[in-house]
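J.: Take this structure, written in structure tokens, and hold onto it; I'll ask about it next.
The values are calculated or read from the model by the stated rules, or taken from the named source; none is laboratory data. Because the structure is predicted, anything quoted here is derived from the model rather than measured. As a convention, Cβ positions derive from the backbone with ideal geometry for all residues, glycine included, and neighbour counts pool all protein chains shown.
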Amino acid sequence: MYGGLGRRLAIVGAVTLLVAGAGTWWVGSILIAPAVRSIAAPPASLDAREVTFSSSSGSTLHGWLVPGQSKGGGVVLAHSVRSDRREMIGRAEFLRASGYSLLLFDQQAHGASPGENITFGYLESLDARAAVAYVRSELPDERVGYLGVSQGGAAALIGSEPLEVDALIVEAVYPTLREAVTNRVALRLGPVSRLVAPFLLVQSGLRIGVDPDSIAPIHGIADIRAPLLLIAGARDRHTTLAESERMFAAAREPKELWVLREAAHQNFHELEPRGYEQRVLEFFAKHLRMAR
């Protein structure tokens, strides 16, 4: 009798593991699936032109180059995961009004830029470097800044070498991919996330071909040589305030931390446009328009 019960329990356990594995594989497929889509012409307010340039991620990146004032500084704008360059239009409009030249671009496997999988900053970090290099080639006499949101910010902090910019703003950037996945699964599944998150991390690593623990912006932020502004939301549950404070502590000077007390994981510019624009403009003016 007990032997039969043991076999039944073993079968139930095996089926449960199989279902759990299939379920997490399906969820993982959704998470890394390309977010490629057609992008309409840029808004007239930007006076932008369509551009393409190559990245060592293997993608041909598509974007908009926005003209600015001579010696006014150039800024690369990098969107969040599963989004595209249009997410950055609001930021581009107030930066252009202040005379900055701009590049809004789609990371690999996003928007109009092809790619096999989203890699949560791994391949996208190569796109960040390609975007900065492209702006420097187009605007050789300008200081260059970078503003990245969530994955766009993580991309600036991942890689063997620090991003070569003159000023860096990152928003709501997770310290490690492990924490990012765990937080997001916990928001949906609660305590069960402790069981599900490791399955997602293991299979994501197999699919994108890199150890998920190597995707850790907190390691790269310590190597950034440019002045840094880190923006965080006090109510963010995807990237918690404690995680953002750890990121800030790991960074070298000069650095600034701005915490929006009412912000969750959302578009900080839309939430608090006046304060956001003032803080960003002051930071870029200080570091991109200083005497040469």
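J.: On the basis of being in the same structural domain as residue 254 (by TED's automatic domain parsing), over 16 Å from residue 213 (Cβ atoms) and at pLDDT 95 or above, does residue 161 make the cut?
T.: no
J.: May I ask you to list the residues in region 276-292 that are part of a helix (DSSP H, G or I) and either without any contact (Cβ under 8 Å) to a residue 12 or more places away in the chain or surrounded by 16 or more Cβ atoms within 10 Å (Cβ to Cβ) (or both)?
T.: Within region 276-292, 276, 277, 278, 279, 280, 282, 283, 284, 285, 287, 288 qualify.
J.: So, one more: Go through region 165-206 and give me each residue that's surrounded by fewer than 18 Cβ atoms within 10 Å (Cβ to Cβ) and among the hydrophobic types (A, V, I, L, M, F, W, C).
T.: 186, 187, 189, 192, 195, 202, 206
J.: Hey, residue 224 hits all of (1) under 19 Å from residue 172 (Cα atoms); (2) loosely packed, with under 14 Cβ neighbours inside 10 Å; (3) among the aliphatic types (A, V, I, L, M) but one; which does it fall short on?
T.: So the condition that residue 224 fails would be (2).
J.: Would you point out which residue out of 116, 93, 87 is of a type outside the set (A, V, I, L, M, F, W, C) and more than 22 Å from residue 267 (Cβ to Cβ)?
T.: Exactly one of 116, 93, 87 is of a type outside the set (A, V, I, L, M, F, W, C) and more than 22 Å from residue 267 (Cβ to Cβ), namely 116.
J.: What pairs can you find where one residue is in region 140-158 and of a type in the set (Lys, Arg), the other is modelled with pLDDT under 95 and part of a loop (DSSP other than H, G, I, E, B), and their Cβ atoms are less than 9 Å apart, with a gap of 6+ or different chains?
T.: Note: pairs meeting the criteria are 143/71; 143/289; 143/290; 143/292.
J.: Take the residues in region 133-157 that are assigned to a loop (DSSP other than H, G, I, E, B) and over 10 Å from the mean Cα position of the chain (by Cα); name whichever of them is surrounded by the fewest Cβ atoms within 10 Å (Cβ to Cβ).
T.: Checked region 133-157; the qualifying residue surrounded by the fewest Cβ atoms within 10 Å (Cβ to Cβ) is 140.
J.: Select from region 58-90 the residues that are under 23 Å from residue 166 (Cβ atoms) and either among the β-branched types (Val, Ile, Thr) or not assigned by TED's automatic domain parsing to the domain that holds residue 155 (or both) and list them in ascending order.
T.: Scanning region 58-90 gives 66, 75, 76.
J.: While we're on this one: At least 1 residues that are among the polar types (S, T, N, Q) and out of contact with any His (no Cβ under 6 Å at 6 or more places or on another chain) in each: list the helices (runs of 4 or more DSSP H) lying fully within region 164-266 that qualify.
T.: By residue number, 177-189, 193-208, 241-250.
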